[in-house]
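Comments concern the structure below.
The values are calculated or read from the model by the stated rules, or taken from the named source; none is laboratory data. Here the structure is a predicted model, which means the values were calculated and not measured. No Cβ is skipped: glycine too gets one built from the backbone with ideal geometry, and neighbour counts run over all protein chains shown. We work out accessible area using only protein heavy atoms, side chains counted, and drop any ligands, DNA or RNA first. Shrake-Rupley method; radii C 1.70, N 1.55, O 1.52, S 1.80 Å.
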Amino acid sequence: MKLAVIGTGYVGLVVGACLAENGNEVVCVDNDSKKIRGLKRGKIPIYEPGLNELVDRNQEEQRLRFSTSLNRSVKNAQVIFIAVGTPEGEDGSADLKYVTAVARGLARAMNGYKVVVIKSTVPVGTAARLREVIRRETTYPFSVVSNPEFLKQGAAIDDFMRPDRVVVGAEDPRAVELMQTLYAPFTRTGAPIQLMDCASAELCKYASNAMLATRVSFMNEIANVCELFGADVDKVRHAMASDRRIGPSFLFPGIGYGGSCFPKDVKALIKFSRDEGYRYRILESVESVNASQKLRLVEKMQKHFNSLNGKTIGIWGLSFKPRTDDMREAPAVVIIDALLRKGARVQAYDPEAEATARRIFGHKINYAPHSYDAVKGVDALAVLTEWNEFREPDFARMRSLMRHPVIFDGRNVFDVEHIRSEGFTYYSIGR
Ligand code: NAD
């Protein structure tokens with residue numbers, strides 16, 4: 001099939017490359033000409049495991065192309081995916097200006113029947129609204145499909161290639177058939193294509209992310225209560241996870257959720273519910289618990305040191321989660337800001353997110369080329385992202401490098417007994 005993916009970011013690029021891998025002819029479009037120039041030369045703008053090879057291979061075999069021309073790309077495609085950003089607006093709602101602009105542009109470029117697939121996460125009712133936007137600009141027939149994306153950064157390719165399910169909101173049989181054909185190779189292993197109306201499909205994505213965010217905030221509060229009573233959140237978590245009604249996923253306490261999705265999707269669901277007169281009280285709490293949890297580690301540091309002024313803090317991990325360079329809404333941003341405000345110096349290491357961090361903090365912090373360089377001469381180390389390489393460090397080497405052997409572990413990567421036996425003063429979450 002001939003496809004166009006508009007918006008070549010974390011989602012668009014992965015979706016485009018995966019669809020090309022299954023034999024489709026895909027053009028990925030972006031209005032960021034620098035990004036497209038780089039991609040044409042094989043320069044991948046983000047870190048996502050396996051993406052480099054996938055893009056290279058499909059570009060070489062001429063199934064995957066890159067373009068800044070919406071017009072030409074739409075004319076050549078049967079199915080057009082919209083995968084542009086839907087960032088948080090000032091009032092918490094999802095800002096649809098990019099989605100609407102693309103819909104208008106693609107409508108003007110139409111030269112026959114097209115299926116327009118909304119991949120971006122958009123509030124309930126957007127498919128219906130885009131249908132109107134497009135109808136005003138074209139006389140050609142078209143269908144609008146809601147096809148929310150559930151991939152996780154850090155495991156995006158595997159998630160797209162082997163989805164748990166594919167949600168398709170479509171009202172038009174012709175579009176349903178095209179979507180079923182397109183997704184058939186990805187659902188051979190039994191993952192269902194779940195067909196529904198557009199409003200339900202749009203809500204699926206928010207409901208799933210809101211549920212996961214709720215589990216995170218719920219467990220963070222359990223961890224905080226564990227600390228009050230000297231209970232061990234790991235033991236509590238294991239017992240909860242053994243209950244099949246609960247299951248083991250997303251029960252890890254830490255320093256709050258971040259990323260480009262959970263925070264903005266939770267806020268958007270609160271906002272579009274409120275716009276219809278419904279107050280989503282659970283999610284309001286999920287949000288505020290998350291905001292305070294991001295500062296939990298700083299509070300522990302403050303208590304330990306009394307004053308953070310003049311202290312040097314080493315940081316391991318900047319990205320909002322491992323295996324990505326993305327720092328959108330990362331706890332590290334809030335924590336580093338707080339440390340700097342309190343007069344601390346920060347020297348940070350992240351295996352992939354240094355370039356992103358430099359765009360956020362510039363020269364305000366120091367960047368270490370290696371994890372051990374980040375702990376040289378520090379008063380304490382804070383672990384903010386659970387990259388695998390942090391799990392089994394050389395503790396003796398760390399002890400010899402640090403001014404004081406103190407660790408604030410925001411992701412519970414170390415074993416409490418073991419790290420204390422290695423001579424560290426150790427703080428973690430809920431243990
Ligand atoms: P992103 O910011 O990485 O990428 C968006 C891209 O769209 C950018 O490259 C931008 O230049 C481009 N763009 C903006 N306006 C454009 C226009 N008019 N024409 C062409 N290109 C344009 O965003 P993302 O993380 O890929 O997210 C995209 C959407 O997918 C969002 O709605 C997000 O909520 C949703 N989503 C994201 C994830 C994730 O893990 N990142 C997962 C599922 C769903």
Value of relative contact order over the chain, rounded to a whole percent, pairs C-alpha under 8 Å and six or more apart: 12 percent
Label point distance in nm, R397-K2, each placed 7 Å from Cα along Cα→Cβ: 5.5 nm
If I require 20 Å or longer along the helix axis, counting alpha carbons, and a Kyte-Doolittle average no lower than 0.5, what helices from the chain are left? Use full DSSP H segments. 198-229
Is there a pair in K35/K152; K264/K311; K35/K205; K271/K294; K43/K294 whose C-alpha atoms are over 30 Å apart, and which pairs would that be? K264/K311; K43/K294
Roughly how big is the chain's charge dipole about its Cα centre, with Cβ charges of +1 (Lys, Arg) and -1 (Asp, Glu), in debye to the nearest 20? 880 debye
Tell me the per residue accessible area of region 2-196 using a 1.4 Å probe; a whole number in Å² is fine. 44 Å²
Go ahead and run the numbers for FRET between N111 and E177, Cβ-Cβ distance against an R0 of 25 Å, rounding to 0.05. 0.75
Orientation-averaged projected area, Cα convex hull of region 205-292 (nm²): 6.2 nm²
Estimated 222 nm signal from helices in the chain, with DSSP H stretches of n ≥ 4 weighted -39500 (n - 2.57), rounded to 500: -13500 deg cm²/dmol
Long-range amide H contacts for F66: which residues qualify at under 5 Å (H placed 1.01 Å from N, peptide plane, sequence gap of 5 or more or a different chain)? C28
Cα principal axis extents for region 345-431, largest first, Å: 38, 24, 19
Residues of region 294-427: accessible area per residue at 1.4 Å, in Å²? 44 Å²
Which order do the peptides 51-60, 341-350 come out in when sorted by mean C-beta neighbours inside 10 angstrom, highest first? 341-350, 51-60
How big is the dipole moment of region 294-427 about its Cα centre under a simple scheme where the beta carbon of each Lys and Arg is +1, that of each Asp and Glu is -1, and everything else is neutral? Debye, nearest 20, please. 600 debye
Residues meeting the amide H criterion for A382 (H placed from the backbone, H to H distance under 5 Å, 5 or more places apart or on another chain) are G314, I315, W316, F408
With every protein chain kept in the model, how would you rank K75, K114 by accessible area, 1.4 Å probe, largest at the top? K75, K114
Neighbour cut-off at most 10 other Cβ (10 Å), DSSP loop, chymotrypsin sites (Phe, Trp or Tyr not before Pro), region 255-314: Y278
Here, chymotrypsin sites (Phe, Trp or Tyr not before Pro) of region 68-116 satisfying both criteria (DSSP loop; at most 15 other Cβ within 10 Å) are Y113
In the chain, what percentage of the DSSP-assigned beta bridges are antiparallel, given to the nearest 5? 5 percent
So which GluC sites (Glu not before Pro) in region 216-313 are both in a DSSP loop and have at most 14 other Cβ atoms within 10 Å of their Cβ? E276
Using the eigenvalues of the Cα gyration tensor, what equivalent ellipsoid semi-axes result for region 160-215 when each is taken as the square root of five times the eigenvalue, whole Å, largest first? 22, 16, 6
Accessible area of F424, 1.4 Å probe, to the nearest 10 Å²? 10 Å²
Measure off, as a whole percent, the carbon and sulfur share of the 1.4 Å-probe accessible area of the chain, all protein chains present. 49 percent
Alpha-carbon centroids, region 178-203 and region 367-414: separation in whole Å: 44 Å
Among K364, K264, K35, whose mean-square fluctuation peaks in a Gaussian network model of the chain (Cα, cutoff 10 Å)? K364
In units of 2.2 N^0.38 Å, the Cα radius of gyration of the chain is 1.06
For region 105-175 and region 77-100, compute the distance between their C-alpha centroids and round to whole Å. 11 Å
Per the Kirkwood formula on distinct C-alpha pairs, the Rh of region 2-196 is how many angstrom? 16.7 Å
Nearest 20 debye, what's the magnitude of the dipole of region 334-407 about its Cα centre given +1 on Lys and Arg Cβ and -1 on Asp and Glu Cβ? 440 debye
Distant-in-sequence amide H partners of R345 (H built 1.01 Å from N, under 5 Å): G310, K311, T312, I313
